[in-house]
Every structure is written in structure tokens, then in C-alpha cells.
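Structure, as C-alpha cells:
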Amino acid sequence: MTAMPTARLLDRLERLVVRWLSVALGLGLILLVLVNVANAVGRYSGWYAMTGADEVLVYGMIWIVMLGAILAARERSHLSINLLQQALSVRGGQALQLLIDLVTLFSATFIAYHSLNFIERIAMIGQTSMALRIPMVVPHSAIFVGFAGIAFVTALLLLADLSRLFSRSARS
Amino acid sequence: MSAALGLVVVTLLAIGAPIFVALLAAAAIALLIFDGPPLIALQQTIFGGLDAYALLSVPFFVFAGELMAVSGIADRLIALVRTLFGRVPGSLGVAALGGSTMIGTVCGSSAAAVAAVGRNMYPQLIEAGYGRRRAVGLIASSGAIDIVIPPSIAMILYGMAAEQSIPRLFIAGIIPGLTIALLMALFISYSAKRDGLPSGAAFRLAAVIPALKSSWAALSMPVAVLTGIYTGFFSPTEAGGFAAAYGAVIGLFIYRTLTFKGLVEAAVRAAMLTSRIMVVVAAAGVISWVLTVEGVPQALIAATADAGMSPLAFLLSVNLLLLAIGCVLDPTSAILVLAPLLVPIAVSLGIDPIHFGVVMTVNLAIGMFTPPFGINIFVAQSVLGVSTGDIYRGVLPFMAVQIAALALITLFPALSLMLLNGMS
Amino acid sequence: QAETVMKLASATINDVQHEWQKEFAREMEGRVGDAVTVEIYPASQLGAIPRMAEGVLLGTIEAFTTPTSFVTNVDARFEAFDVPGLFNSPEAVDKVIHNPDFREYLETLFLDKGIRVVGAIYNSPTVVLTTEPVDSIAGFDGLKIRTFASPLQMDPMKSIGVNPTPLALSEVTTQLQSGGIDGMLAGMPILTAFKFYDSAQHVTDLNFSEIVSLTLVNEMWFQAQADEVKEAIIASGRAAEETVFPWGVANVERANAAWVENGGQILKLSEEEQAQLMARFAEVGREVIADNPEVVAVYDRITAVLGAE
Ligand code: NA
Ligand code: NA
């Protein structure tokens, strides 16, 4: 009986995290637009030079892309070819989805693992960006966070699907 | 090697795995099986695929397109076009094409154009009875014009990789880009008439004044963006950010159709779409990198060079090669890898490297919407919610039209070079 | 024994860096035959400059040939080569990089970062490309000139009234054409290779620094090689740059000629102004590096070699 409220709480927590993360991405994009405009105005007028604006813009975009990729994995809205899925029966479609989730889980974990490896080494070397001298660990970490996040949410989706599948076959 | 890699990609794509997963899984398997660079290189190439200033035009123009839709700018522009040209068969389809071409003059990214035009024109095309397939095919294929008409990310990269003048490439792209647009317009108009699509109201001067009145602020947006680029106020990449800012200002303060909450919502949708597009771009970069270090493109080209071809045979086989490559690689990585290898052969055969750059660009532009793989297809699917099958069937007639345009552009170098020759 | 692959990467093609790599490959073949396969990837085929730098640091690429100014974020000591007024002729560069003591020092200078220098080449002088002709210091006042986001380029430019404007390379052409910027700092071979004469015709040869290119090798990979391969790499690198030095000098002349042939113009300051500019740039340059003793140490080593007759 205590399981239900916990599940509901987790559910609400998840929705909250997703909501805040989405809004953060939107605000991030608006911020990039403002930096872009300010940078061009400064350069054109000659009033000021925003040295390193290009780094803020590109690294900001990379973080938005990778965090957004986690949300897209959770929504299962990544770009794909959905021909076969539509041709299959409901049951077949579910089986296929399990397979896709497994491949996604493995690939994302694999990338995240090697990404972490890279980031540890780049941190050791202490490489910085050219203009702002930001430690390169900061932008590079976006790739690790993105793929680790994709692996994590895919694992959750996979577990949810499996438990649904088992409870249904137990019932029938 | 490349066959095994291709098989993994195609299988995973066919079962409907996310495209970035299909590409990365194949790259990872290739790196694991074949003795190559250490696996940490994966991180480096994924990051490298995203770490490019010119790619900022993707989030910016996607956001601008989103804002044009929610603020009613797009509606008013379309209404104006219908008031002016309503009677012309296929006027709305031609307006969508015109929208793509117009965005093409300010934007160098096809994916962003498909998203922006699709978001704005697709519902109206459906409403006007175009049908899902025709509407989606039209939008996905029109986006290709964007990288042929200057500015163009593909041409900037070709210029850098092949040591050719970027301004000359830009100028050389104008007539070929317009040629594609013209053939497309003729086809859209012809097929609309053939299939008896309803046309709009007849032209009435009395209707024009109110349409202009309600759309002047919307009209000022492309004008402002173009003026900004050509006076050097901002670069073509930065133009996307200005377009978004301009759209937001019109929506918030002039039309008052947009609230701050709506602005943030639009930004969230744009960020999400950008994310879906860019992970594919990054993953495609990894595949091209794996192919490059395994020497695949180099070997392909050596085979082409050995065949001892005539210039025309060479151009035709390059066309076939590039159309095929367009199925798996994104144009940016394909150009970086192939241009330095192909251009010396082309030059040795007496082919003008600028003309060759245009031919390459048009090829890869078409590759972006030819099944099975192409970023325009995936963006259209995601933005418009149309099934892949419908898109595949929808793009076919437009593919034929653009391949015809490609044939003209390949056979008549003058189309690319006459503006340049006229200048000097 | 499995054959070893040595990937050499660079951002450019058909220039002195590329030429050095081809020479190096030939020298290696003569020394160790097919024990090492040298593969050349010009024109950023293995990624943009920062990726190639990371690649050689982490060993995903065995070697990377680059102007020193592109790797100052890897180690600030690379800045020493870019201080204005340090080198004022190809011969001065030649004298330093081929001085036996300095050479030993340079090859092992960055070992603590995990990279070894196996090649050092004279690249080209730094010039200013402008849309309008400039032949006096006053003419630069208020111009927006694209530079790297590095104080060693920005501060000297500021000292003559220029508005230094860092900008992504992909945006330079369109901004030059539309008047968003008035010019850029670059080496002449780059300007002709990318046919910049279609965007702006005037070059002022300020001759305030010479671009030096180095080939960096991943040290861990290097140490994993057999002794004769290590020796071959060091010897091939040195031999290649001997061959390539005159090629590089001639290449700058070829680039200058190509520039003029294509309607471009190369201007100089008056002798008096040139001397004035050099003095000012050298002073500003030394100020920029002054608070970094490691860079000053390398700079002093170079000036000591230059001063010795
Ligand atoms: Na364009
Ligand atoms: Na394709």
C-alpha cells in the first residue's frame, strides 16, 4: 500500500524535472539569441567587442542540444523512420520497441562510458578554450551528460514497458 | 568494412531506431571490430560535429520559424500572396516554394527552412486540398534550394576544403538555385491544374490594400533580415538570431499575438527540434570520420580516377556517387571529405572548380530529401507528424524535377558561370 | 609485427605544412620502409583545429602540424613564437629553429603536456588584408580588423587604433564583402589559397611577425615505438624541414605574385613608420607576455639565439 504514494510522488517529481528542464532549454535559447544580437550590435557599431561570444553561443548550443536529446529520448520523439512500426501489429510493435530501446541503451551507455574516459583525460591536461579560457571539460561534459541521460531514461522506459508486458501476460 | 557498416545502419534505420542511434551504433561496432583509433575519439568527433559556429543558424532559424507561426506573421504573408496570386493554379504551393526560396536568401541551412516553412505552410496546404503527400513532398524538397542559393553552409565548406573563392561560389549558386525554383514552380502549378486543385479568389485591387495594411510588419521581417546581411550589420549565421528577435518583437508589441509565456513555449519547441536535428548531424559526422580514417572515400575516388573517363562521364558518375552518398552522410561532412579528393580530378579533366562546387552542392541538396535517409525527410516527419512512407512517396515527383534541374546544371556550366563571367 | 599507422593532420592543404608532411612521409619510407604507414589528412579532414589539438594530446591522432598561435590554449609557451617584433625574416626563424641546442630544447619543451615537437617550419609573415588601401599607421585608425581572440594579436592592433574584431572563420568572407569588417590578419599563402582577392584587394605587409608551424606528436604513442622508429621520426622531421624551408620561402613569393596577378595590391608602410610600428608592437607584445614567466623564458631563449653571431 505504501508503494502507490511513492510511485505517484516519483511520477510528479519526474514531471516537474521535465517541465523545469524544458523551460530552462527555452530560456537558454532566448539567451543565445540575445547574446547573438548584442555581439553583432557591438561589432557593427564598434562600441564594444564581445570577445568569446562565439564560444558562449556554440557551447550553449551544444548543452541545449544534449539536454534536449535526453527529453526527446524520454518522449521517444527522436528522428526515425517509422515505416515498419506502422506496418506491425500492436504486439509486434511493442516487441520492436523493446529491441530499439535495448540498442539505444547499449549505444548510449557505450558512448557515455568512452566520453567520460575522454573527459577525465582532458581534465587532467587542463585544456582551456581559446578566447574565454573556459576549461574544455565544461563544454565536453555536455556529451557525457546527454548520453548518460539518454541511457538512463531509456532504461526507465524499458523497465516500465517490460513490467507492463509481464503484468499483462500474468493477467491473461 | 563500409558494406558491414552500411548494413548495420540500414537495418537499424529500417526497424525504426532513432537515426542517431543507428549511426552511432554502426560507428561504435566499426571501431570495435577494426583496428583503428582509440574509442575516446568518439567523444571528440561527436563534439566536433556540433562545435561549429555556422551551425547556430539551425537553432536560430528554427526558432524564427516557430515565432513566425505563433505570432501570425506567416499567416499574414500567406494571405497577401493569396490575394495577389490566388487565381494562379497551385498558388499556395508556389507560395510555399517561394517561402523556402526567400528563407534560402537569408539562411544557409535546409533543415531550418523545412522546419520554418513546414510549420507555417503545411496546415494551409492541407486545408487547400493539397493532400498529405503532395504537401509534405513539396516542403521537404523545397528546403533543398536553401543550400544552393547563397548564403550556403555547404558552399562555405566546399570553398574551404577545395580552396575556392566563397563569394564566387555564392554568385555561381544564384542562377542554378533559381533554375531549381523555377522548374519546381512550373511543376507545382502544372500538377495543381492537372489534378484540379481549387484555386483561390480572383485578383481584386480593393482586397490588396487591406492585405498590405495587415501584413506590412510581417513583410518588413525578411526585408530587415536581408538588409542586415547585405549591409554587414550581421553575418548570415547571426541573421537567424535577428530573425528570431524581430519576430518576437512583432508578435509581442505590434500584433500583440504573442505573450511572454508563448515566447518561452515557442523557444522550448525550437530547442527540442534543434536538439533532434543536431544529434543526427553529430552522429553523421562520426560516420564520415570513421569512413575517412578507414580510407573509404579515398579508395572510391581512386577507382573513379583510374577509370580514365571523359569530363562528362566523370560528372555523371560523380552525380551518381554523390546522390548515393547523400543517402547516408549529411552534406557538410560529405563535402569536407570528398571535395579535396574530387576537385583535383575535376580540374585535371578541365572542369571549372566553381561549376563543380555548384554541381556537388545541388547533388547533396537533393540527397537531403531522397529516401531513405535525409535530414529534410526527418525534420518534415518530426515537425509535421507525417509518416515516413507518405514522405517517401510525396518527395518522388519533386526528386524527378530536381534531378532534371541537376542535369541542366551539370550539362550547362554557363548556368553557374555566366554571372561570374558577366562581372569580370 | 603489426604495421603502425601514423596519421598526420593539418587544417590547410597544398601549403608549406602539407609539403612538410609529404616530405616527412618520404623520409620515413626511406628510413623504415613500410614498418610505419604515414597517412596525411590535410584540410581539416580529421576535424576542426581544436579537435586536432585534442586529438594529438590524447593520442587519437598521432601528429598535428599547426601554426603555434592555434595551440596557445594547450600550452601558453607556444605564444613565445608569436610575439611581434621577435622574428622579422625567414632567415631569423631558420636560425633559431635549426640551432642545434635550441632544437633539442624545443623538441622536448612540451613533454610535460604529453607532446613532442618533431618538425618546425617557417610558414609566412603576418599581413593585414583590407577592403580599402592602407599605407600609413594613421590609415588603420578605427578599422575593424578580424584577429584571433588572443591578446598577442588584439593588443598590438589596438595600439595603432584598430578595432580588433574576433570572428568565426566561416563568417569572415561574407562580413568582408558586406562591410561588416574592414579587414583581417592572416598569412599571404592563406589569403591566396582561399582566393580572398575576390572579397578585398589590398594587403599591407606590416612584417611584424613570422608564423612558425610546428608538428606535434603524441609522446605516449612515440614512446611505444621501436627505437629505430623513434630515431627515424626525429631524423625524418629534421630532414623534411631542411628540404621544405626554401620551398616555404618560395611559396610566400608565389603567393605574393598570385595576389598581384589576381588584381590584388601589396602595400608597405614608409621605412620610418615601419620602424615606429615595430618598436611599438614589440613593446606591446612583451607587455602581453610579461606576467607569464614560462613564456618569457622561452622568448628569452629565442632572443639569445637571435642575438648570438
Ligand atoms: Na541559402
Ligand atoms: Na538522401
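A short reminder: the numbers here are calculations on the coordinates, not readings from a lab. Only a predicted model underlies this, so the values are computations on that prediction, with no experimental measurement involved. A quick note on method: Cβ atoms are made from the backbone with ideal geometry, for glycine too, and the neighbour counts reach across all protein chains shown.
Pairs from the list C:144/C:268; C:22/C:113; C:7/C:144 with a Cα-Cα gap above 29 Å: C:7/C:144.
Look at the Cα gyration tensor of the range C:171-263: its axes a ≥ b ≥ c give a/c of at least 1.5 with a/b over b/c, and that counts as prolate. For peptide C:142-150, the mean count of partner chain Cβ atoms within 10 Å of a residue's Cβ comes to 3.
What number, in nm² with one decimal, is the all-direction average of the projected area of the convex hull of the alpha-carbon atoms of the range A:76-172? All intermediate terms of the calculation are to be shown ahead of the outcome.
Details: hull surface 32.4 nm².
Convex hull of Cα atoms, orientation-averaged projection: 8.1 nm².
Here, the range A:6-171 has an Rg and a Dmax of 20.5, 73 Å when only alpha carbons are counted. According to the square roots a ≥ b ≥ c of the eigenvalues of the Cα gyration tensor, what is the shape class of the range C:96-175, taking rounded for a/c under 1.5, prolate for a/b larger than b/c otherwise, and oblate for the remainder? In terms of gyration-tensor shape, prolate. Estimate the FRET efficiency between residue B:14 and residue B:204 by the formula 1/(1 + (r/R0)^6), using the beta-carbon distance for r and 45 Å for R0, to the nearest 0.05. The computed FRET efficiency comes out at 0.30. Taking a quarter of the surface of the Cα convex hull of the protein assembly as shown gives a mean projected area of 40.8 nm².
A simple rule links phi to the HN-Hα coupling: the Karplus curve 6.51 cos²θ - 1.76 cosθ + 1.60 with θ = phi - 60°, which for the range B:338-350 gives 8, 4, x, 7, 7, 4, x, 5, 4, 4, 5, 8, x Hz, with x for Gly and Pro. Couplings for the range B:117-133, taken from phi via the Karplus curve 6.51 cos²θ - 1.76 cosθ + 1.60 with θ = phi - 60°, read 5, x, 4, 8, 9, 4, x, 5, 5, 4, 4, 7, x, 6, x, 4, 5 Hz in order; Gly and Pro are left as x. For chain C, the relative contact order works out to 27 percent when only alpha carbon pairs closer than 8 Å and six or more residues apart are counted. The order of the peptides B:42-54, A:77-89 by mean Cβ neighbours within 10 Å, most packed first, is B:42-54, A:77-89. Here's how it looks for residue C:115: its modeled amide H is under 5 Å from those of C:219, which are all 5 or more places away or on a different chain.
In this simple spin-label model, placing a label point 7 Å from the Cα along the Cα-to-Cβ direction at both residue B:254 and residue C:250 gives a separation of 6.1 nm. Annotation: amide H of residue B:16 within the under-5 Å range of A:81, sequence separation 5 or more or interchain, hydrogens built in the peptide plane.
Taking other C-beta atoms within 10 Å as the exposure proxy, C:37, C:12 rank C:37, C:12 from fewest upward.
Go ahead and run the numbers for FRET between residue C:158 and residue A:45, Cβ-Cβ distance against an R0 of 22 Å, rounding to 0.05. Computed FRET efficiency for residue C:158 and residue A:45 comes out at 0.85. Here the label points at residue C:35 and residue A:123, each 7 Å from Cα along the C-beta direction, are separated by 4.0 nm in the simple model.
In order along the range A:122-134, the Karplus-derived 3J(HN,Hα) couplings, from 6.51 cos²θ - 1.76 cosθ + 1.60 at θ = phi - 60°, round to 5, 5, 4, 5, x, 5, 10, 6, 5, 8, 8, 6, 6 Hz, and Gly and Pro are given as x. Shape of the range B:2-423 from the C-alpha gyration tensor: prolate (a/c of 1.5 or more and a/b above b/c, with a ≥ b ≥ c the square roots of its eigenvalues).
The stretch between residue C:279 and residue C:300, if pulled fully straight at 0.36 nm per residue, gains 5.8 nm over its current Cα-Cα span. When C:7, C:158 are sorted by how many other C-beta atoms sit within 10 angstrom of their C-beta, beginning with the fewest, the order is C:158, C:7. Dividing the helix sum by the residues of chain C, where each DSSP H run of 4 or more adds -39500 (n - 2.57), gives a mean residue ellipticity at 222 nm of -15000 deg cm²/dmol. Between residue C:286 and residue A:169, what's the calculated FRET efficiency when r is the beta-carbon distance and R0 is 56 Å? Round to 0.05. After rounding, the FRET efficiency stands at 0.10.
Under the simplified labelling scheme, the residue B:303-residue B:316 pair shows an inter-label distance of 1.9 nm, with each label point 7 Å from Cα along Cα→Cβ.
Each stretch of four or more DSSP H residues adds -39500 (n - 2.57); spread over every residue of chain B, this sum gives -26000 deg cm²/dmol at 222 nm. Taking amide H positions as modeled 1.01 Å from N, with prolines and chain starts lacking one, the residues under 5 Å from residue C:120 and 5 or more places away or on another chain are C:215.
Computed over every Cα-Cα pair of the range C:1-146 and binned at 10 Å starting from 0, the pair-distance distribution P(r) comes out as 10, 33, 35, 15, 6, 1, 0 percent. Under 16 Å between alpha carbons, and skipping anything fewer than 8 positions from residue C:158 in its own chain: which aspartates and glutamates qualify? Output for residue C:158: C:141, C:182, C:283, C:287.
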